[in-house]
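Only the coordinates and a few stated rules stand behind these numbers; no lab work does. Keep in mind that what you see is a predicted model, and the values were worked out from it rather than measured. Here the Cβ is made from the backbone with ideal geometry for all residues, glycine too, and neighbour counts use every protein chain on show.
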Amino acid sequence: MIRHIAACLALILFSFPAHAFDTKAKAAYVVDQTTGTVLMAKNADTPLPPASMSKLMTLYMAFEALENGRLELDDRLLVSAEAAAYGGSTMFLQQGERVSVEDLLRGIIVLSGNDACVVIAEALSGTDARFAREMTTRAQQLGMTNSTFMNSNGWPKPGHRMSMRDLGLLANTLITEFPQFYPMFAEEEFLFDEKETANRFNRNPLLKLGIGADGLKTGHTSEAGYGLVGSAKQGNRRVIFVISGLDSAEARAQESEAIVNWAFRQFSERTLGEAGTRITDVPVALGAVTTVGLELHDTLKMLTPYTGNNDVQAEAIYDAPFKAPIEKGAELGELIITREGLPEIRVPLVASDDVAPGGFMVKVTAAAQYLFERLNAGPQDAS
């Protein structure tokens, strides 16, 4: 493996470490969705009680069922005795009534309805327990390796756990795969029953602040503390964050706002190189030419802190020489970019041109050079 310092990147490789954010949350995960850069990970892979934040997985299952035709928004689903019996945050559903899927979705998103989750679960899987098992299986298929569900609504139960990273992954999936439903998460109020006005407002504390917040879900139990899966978009950048274990709703609101401001004010997205930018030249064996360029396959964008010291490094790695023929665009190496306090970035480097095999004289010359090197190596090295 050959490593080559890519100093030729006139690509603005001067960036700076940001001021670290010391969150008061017991666990947290912050990611810049646009670049995939993880900005914070505190106990991010520890399975913890997610409270109502796990309702996002119920919503994923419902959205998926809407897409594949198992549900329709105007379907009216029956409220069972089990669903109606739930306390806590509810839509105040009554046993025997029928409620549209669209209202149930808003009831989960805006009102955090425990009863609404069970109605959806029973419609899709027959029982809440069976639905929870299906949630776990689907979550694992999506890459959520530290999540296990025991019910559809996050009601405290042993074994019902999610990690902050899994919740961040789930939020990103909801935003990217279901853009037609995502605007519901920004709705601040939903009055389902005019006789029951006690629970009508979205608990997300960021929606009214004008900082680009547009989702997703709060959570609270005595075991889990106060948490939030949130997202905000400013300009072309979107940040997704998850926090858990705060002591109060006020602390959750303050910490959430502080994280959003930090993520947008401390970091900016920069284009470091356009697709086709040549990084270095590498040797070619038995080719019509002796070298080929390595270039960026895609435009390289990177999140960089605004202030601090110059500490970004770029390094091209590859195995050389490369044997002809070589096709233009073939992946031949990687560019590794490291920044203090942030994960490294790896991007593919591809051949800048086609390289045809060399003719007869090229092969003869290569064979002669090989024999010459073997003879000069001596008996011990040549063995």
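Using only the Cα atoms of segment 174-247, build the gyration tensor, take square roots of its eigenvalues as a ≥ b ≥ c, and label the shape rounded, prolate or oblate: rounded if a/c is under 1.5, else prolate if a/b is larger than b/c, else oblate. Verdict is oblate for segment 174-247.
Note that segment 24-30 has calculated 3J(HN,Hα) couplings of 7, 5, 6, 8, 7, 8, 10 Hz, one per residue in order, obtained from phi through the Karplus relation 6.51 cos²θ - 1.76 cosθ + 1.60 (θ = phi - 60°); glycine and proline are x. The mean sequence distance of close C-alpha pairs (under 8 Å, at least 6 residues apart), as a share of the length of the chain, puts its relative contact order at 20 percent. Backbone phi angles across segment 294-306, fed through the Karplus curve with coefficients 6.51, -1.76 and 1.60 (θ = phi - 60°), yield HN-Hα couplings of 9, 10, 5, 6, 10, 4, 9, 10, 9, 8, 10, x, 6 Hz in residue order; Gly and Pro are listed as x.
Rounded to the nearest 500, the 222 nm mean residue ellipticity of the chain from helices alone is -9000 deg cm²/dmol, with -39,500 (n - 2.57) taken per DSSP H run of at least 4 residues. Applying 1/(1 + (r/R0)^6) with R0 = 35 Å to the Cβ-Cβ distance of ASP354 and GLN313 gives a FRET efficiency near 0.65. Using 1/(1 + (r/R0)^6) with R0 = 41 angstrom and r between the beta carbons of ASP193 and LEU142, what's the FRET efficiency to the nearest 0.05? About 0.75, to the nearest 0.05.
Under 26 Å Cα-Cα from LYS24, which lysines qualify once same-chain neighbours fewer than 8 residues away are excluded? Correct list for LYS24: LYS42, LYS55, LYS157, LYS208, LYS217, LYS233. For the Cα trace of segment 40-108, dividing Rg by the Kirkwood Rh returns an Rg/Rh value of 1.07.
With axes computed from alpha carbons, what is the tilt in degrees of helix 55-67 against the longest principal axis of the chain, rounded to the nearest 10 within 0 to 90? Tilt of helix 55-67: around 80 degrees. Distant-in-sequence amide contacts of SER100, defined by a placed amide H-H separation under 5 Å and a gap of 5 or more residues or a different chain, comprise LEU77. Between GLU82 and GLU344, what's the calculated FRET efficiency when r is the beta-carbon distance and R0 is 56 Å? Round to 0.05. With R0 = 56 Å, the Cβ-Cβ based efficiency is 0.70. The distance between label points at GLU67 and ALA330 comes to 3.7 nm (points 7 Å beyond Cα on the Cα→Cβ vector).
Among GLY245, GLY219, GLY96, the residue with the largest mean-square fluctuation in a Gaussian network model of the chain, with springs joining Cα atoms closer than 10 Å, is GLY96. Highest mobility in the GNM of the chain, judged by mean-square fluctuation with C-alpha springs under 10 Å and restricted to ALA27, ALA285, ALA213, is found for ALA285. Between helix 164-177 and the chain, what is the angle of the helix's C-alpha long axis to the longest principal axis, kept within 0 to 90° and rounded to the nearest 10? Value to nearest ten degrees: 90.
3J(HN,Hα) along segment 115-130: 5, 5, 4, 5, 4, 4, 4, 5, 5, 8, 10, x, 9, 5, 5, 5 Hz, from the Karplus curve 6.51 cos²θ - 1.76 cosθ + 1.60 with θ = phi - 60°, whole Hz, x for Gly and Pro. Distance between the modelled labels on ARG98 and ASP22, one decimal in nanometres: 5.9 nm (7 Å Cα→Cβ projection).
A simple spin-label model places pseudo-atoms 7 Å from Cα toward Cβ; at THR46 and THR291 they are separated by 5.2 nm. Note on the chain: with a GNM built from Cα contacts shorter than 10 Å, the maximum mean-square fluctuation among GLU255, GLU331, GLU122 falls on GLU331. When mean projected area of the Cα convex hull in nm² is calculated for this entry, the matching label among (i) 18.9; (ii) 21.8; (iii) 25.4 is (iii).
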